[in-house]
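Here is the structure we will look at, set down as structure tokens.
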Amino acid sequence: MDESSIWEEVLKNLQKELGESEIKTWLEPLTIGELRGDMITLTAPNKFYKKWADDKFLVYIKKAFNETLGIDADVTVVVGGVKRTSASEGTKKQSGAPVYGHKNGSGLNKDYTFENFVVGGSNEFSYSACEAVSEGQFMQYNPLFIYSGSGLGKTHLMHAVGNRILEKFPKMKVLYITSETFANDMINSLRTRKMEEFQNRYRTIDVLLFDDVQFLSGKQRTTEEFFNTFNALYDNQKQIIITSDKTPAEIPDMEERLKSRFSWGLIADIQAPSTEEKTAILMKRAEFMGLKLPGEVALFIAENMMTQNIRELMGALVRLSAFGSFHKRSMTIDLAKEALEKFIAKKDKVVSSEEIINAVCKYFGVKLADLRSKKRTKSISFPRQISMYMLREKQNMSLQEIGSIFGGRDHSTVLHAVNSIASKYDENKEIQLIISTLEKDLYS
Ligand code: ADP
Ligand code: MG
């Protein structure tokens, strides 16, 4: 990873603290010089920029370097020439950064392709549906509604469909849009009295890729407009793909008539990836970034990062790469341990049974006495089952021991509770989330 990619990473990191326009106006024009030890020089286009950087942003910049590279950076801003023009930068491969707007303003990111997508058990259903749609069999799955937790590849798949369709049918009008952009566009069109143009724009499309529809929730006027757009496209046998972080039924505050249309075609989901899938995805992305990532390091990251979110896994890879090239070290498990320290569960940390039970009580807002009592309402029995599962899985306690903690229950009761959670775990996102949150609390 070269210096400018590291600076890009630092800029991304700064998004946590600073506004987009501040970053664009004041920090993006700065360029980074060669890195020497902890000394970092940033070059500003003129003294005005330097003053702003020094006065307002230096603290944040240092902090972001620290988070990206794990160093206590000594940052100096100097005045120098002008940043390279965007024309020369355009040819540079920017890992992961979306390249929008190719092919007739379709809004597609050409890096999100089927070829770059790793298929496995967690996503093959959605993947196959997307492939089928790309064949041009439009009405077969219309609309295609894909839902999953965040960072599991919905947006990527959608773009892949768009890219494939344009490859096969270059004349088609494909539009990728997020529900937020749609909403903004509508509001602007209302304001400038250009609704007719707006409607024509959206109703003359062959393939509409509508991302994150859940954000329409509660926006009545926009939802109505989307409803009309949907109907117009559907009636003309145009393909619609919609993504959401929930099933249609679970989207709050949205008209039933629209939600019911979402189920007319096919509803497909993407599940959290397995360790093998995560490893394969990391390897593929490393290859794409031109990074030499040994399989064992990929596996280490996949097994130890406390996340199901592939976006976060990709972030870890970038961080590892930045960290490695900065410290001039090769990709080893030790490097990964250091670079990703904050994100990795410390499995060898000793945690007591009391701490586990307390964490569960805190999470669910219940009392230990309730867990020990005979109460069998769901609000008590579920946390009790989770505690028993955690004690069995994490502490290796015997069924009898666990039984005695919970008011002298016999071992078959405990076994039943542990099995009940274990059998649901793979399918049930809520349970996965609860356990991973508890683990994060306890072991890191
Ligand atoms: P979502 O839209 O579900 O929040 P994204 O499509 O934005 O998720 O995916 C997050 C990141 O993970 C993207 O960089 C994407 O390329 C990558 N990604 C997700 N799933 C896969 C996969 N199966 N193979 C390769 N990359 C993936
Ligand atoms: Mg998305």
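Rule-based calculations on the coordinates, nothing more; no lab input. These numbers were taken from a predicted model, which means no experiment stands behind them. Every residue, glycine among them, receives a Cβ derived from its backbone with ideal geometry; neighbour counts consider all protein chains shown.
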| request: Averaging sequence separations of C-alpha pairs under 8 Å and six or more residues apart, then dividing by the length of segment 3-79, give the relative contact order as a whole percent. | output: 35 percent
| said: Please give me the summed charge of the neighbours of GLU67: other residues whose Cβ is under 13 Å from its Cβ, Lys and Arg +1, Asp and Glu -1. | reply: +2
| Rounded to the nearest 20 Debye, what is the dipole magnitude of the chain about its Cα centre when Lys and Arg each give +1 and Asp and Glu each give -1 at the C-beta? | 580 debye
| note | Classified through the alpha carbon gyration tensor (a ≥ b ≥ c as square roots of its eigenvalues; rounded if a/c is under 1.5, else prolate when a/b is larger than b/c, else oblate), segment 341-444 comes out prolate
| Just from the alpha-carbon atoms, what are the Rg and Dmax of segment 3-79 in angstroms? | 11.1, 31
| note | segment 88-269: antiparallel bridges as % of DSSP beta bridges, rounded to 5, reads 5 percent
| remark: Note to self: C-alpha centroids of segment 286-343 and segment 35-74 sit apart, in Å, by 24 Å
| task | Between ARG261, ARG193, ARG329, find the one with the highest GNM mean-square fluctuation for the chain; connect C-alpha pairs within less than 10 Å. | result | ARG193
| remark: Taking Cα atoms only, Rg over Rh for segment 228-367 with Rh from the Kirkwood formula is 1.14
| said: Across the chain, what fraction of all alpha-carbon pairs, as a whole percent, falls in each successive 20 Å bin from zero upward? | reply: 21, 46, 31, 3
| query | Considering only Cα-Cα distances, which of the following residue pairs are longer than 28 Å: LYS16/LYS337; LYS284/LYS429; LYS219/LYS278; LYS374/LYS424; LYS24/LYS110; LYS367/LYS424? | reply | LYS219/LYS278
| request: Could you list the GluC sites (Glu not before Pro) in segment 356-444 that lie in coil according to DSSP, counting only those with at most 13 other Cβ atoms within 10 Å of their Cβ? | output: GLU427
| said: Given a 10 angstrom Cα cut-off, can you work out which residue in LYS337, LYS173, LYS378 is the most mobile in a GNM of the chain? | reply: LYS378
| field | Taking the chain and dividing mean pair separation by its residue count, relative contact order in percent (alpha carbons under 8 Å, at least six apart) | value | 13 percent
| Where trypsin sites (Lys or Arg not before Pro) fall in DSSP loop in segment 1-61, at most 16 other Cβ within 10 Å | LYS16
| query | DSSP beta bridges in the chain, what fraction antiparallel, as a percent rounded to 5? | reply | 15 percent
| task | Go through segment 1-84 and name the GluC sites (Glu not before Pro) that are in a DSSP coil and have 12 or fewer other Cβ atoms within 10 Å of their Cβ. | result | GLU34
| note | Rounded to whole angstroms and listed largest first, the alpha-carbon spread of segment 309-398 along its three principal axes comes to 59, 27, 17
| remark: Given 310-322, 154-166, 121-133, the highest-first ranking by average Cβ count within 10 Å works out to 154-166, 310-322, 121-133
| request: Rounded, prolate or oblate: pick one for segment 279-318, where a ≥ b ≥ c are the square roots of the eigenvalues of its C-alpha gyration tensor, a/c under 1.5 means rounded, and failing that, prolate if a/b is larger than b/c, else oblate. | output: oblate
